[in-house]
Amino acid sequence: LDNVVREARSMLEQGAKEIWLLGQNVNSYQAGSAGFYELLDAVSQLEGLRRLRFTSPHPNDWNNRLSDLMAERKTICNHLHLPVQAGSNRILDLMRRRHTIEQFLDKVRYMRDINPSIEISTDLIVGFPSETEEEFARTLRVMEEVRFSQVFAFKYSPRPGTRAAAMEDDVPRAVKEERLARVLEVQERITREQLAALTGSTQEVLIDGAHLRQQGVMNGRTEGFRPVSVPGVDIEVGDLMDVRITGFRNHWLEAERLAGVSASA
């Protein structure tokens, strides 16, 4: 833990504003007596830190104590990527996910109860071996309940060395493609509704690059990891500013700088 904190502190001293904790099942971190809670707690209190993110946690190792810390600590971004993968307990068991959909939803409901504005993204696989139409429909129902901010969805394909690779890949390709299209259609509707709801709101944006097509426009991210375009020839990478969301194009929010609010270098 001390090594991670020391590296993060060094980055902040060099001008970094946002730190990412990155790991495979990052919340299963353990160093001596320190677990992920202790790591997140320590890094989130570093002087000069404006934003802290982490990816990707595993639902099995997520708990309400971590949700409480996220809600309480202003430096921890209000965004969580929590891979659900499927809505069927039988499929989750075949995937060796070792959690049920009920457990996943209980954790999400607790997070939303204490922090209603949290943005939650996820990963989904459709067409896993032996997945039925009813089991796929459960995935759609999970999407409707949770209303993820973003979904990374994939058609199943065998991966060498995995347990699933020894199973019969018995869901036809056309069915996989049709299910993937339905997932994307549902998520597209949810995303449009969420972006429309954000229109008119004030958001803090960290600028991370120039717009590729529009001169004099910069791109950044909200605390909830929504991409935003902000016009301004004096805006620079690393600026942190308050903006008003004026609309959206595709999955990108569009914004204007609030009058009297200057960029923070």
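The values are calculated or read from the model by the stated rules, or taken from the named source; none is laboratory data. Note that the structure is a prediction, hence the values are computed from the model and not measured. Please note: Cβ atoms are built from the backbone with ideal geometry, for glycine as well, and neighbour counts cover all protein chains shown. Protein only, heavy atoms only, side chains kept; ligands, DNA and RNA dropped before computing areas. Shrake-Rupley method; radii C 1.70, N 1.55, O 1.52, S 1.80 Å.
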Whether the chain is rounded, prolate or oblate, judged on the alpha carbon gyration tensor where a/c under 1.5 counts as rounded: oblate
DSSP bridge orientation in the chain - percent antiparallel, rounded to nearest 5: 55
Under-5 Å amide H pairs with Ala210, H placed in peptide plane, nonlocal only: Asn219
Net charge dipole size for the range 123-265 [Lys, Arg +1 and Asp, Glu -1 on Cβ; Debye, nearest 20]: 180
Electrostatic dipole magnitude of the range 11-82 [Cβ: Lys, Arg +1; Asp, Glu -1; Cα centre; debye, to 20]: 240
Net dipole in debye of the chain [+1 Lys, Arg Cβ; -1 Asp, Glu Cβ; about Cα centre; nearest 20]: 200
Listed residues Ala166, Ala196, Phe152: farthest to the positive end of the dipole of the range 145-220 (Cβ charges): Ala166
DSSP-loop chymotrypsin sites (Phe, Trp or Tyr not before Pro) across the range 126-202, with at most 10 other Cβ within 10 angstrom: none
Between 0 and 90°, nearest 10: helix 101-114 axis offset from the chain longest Cα axis: 20
Computed accessible area, Lys155, all protein chains, 1.4 angstrom probe, square angstrom: 80
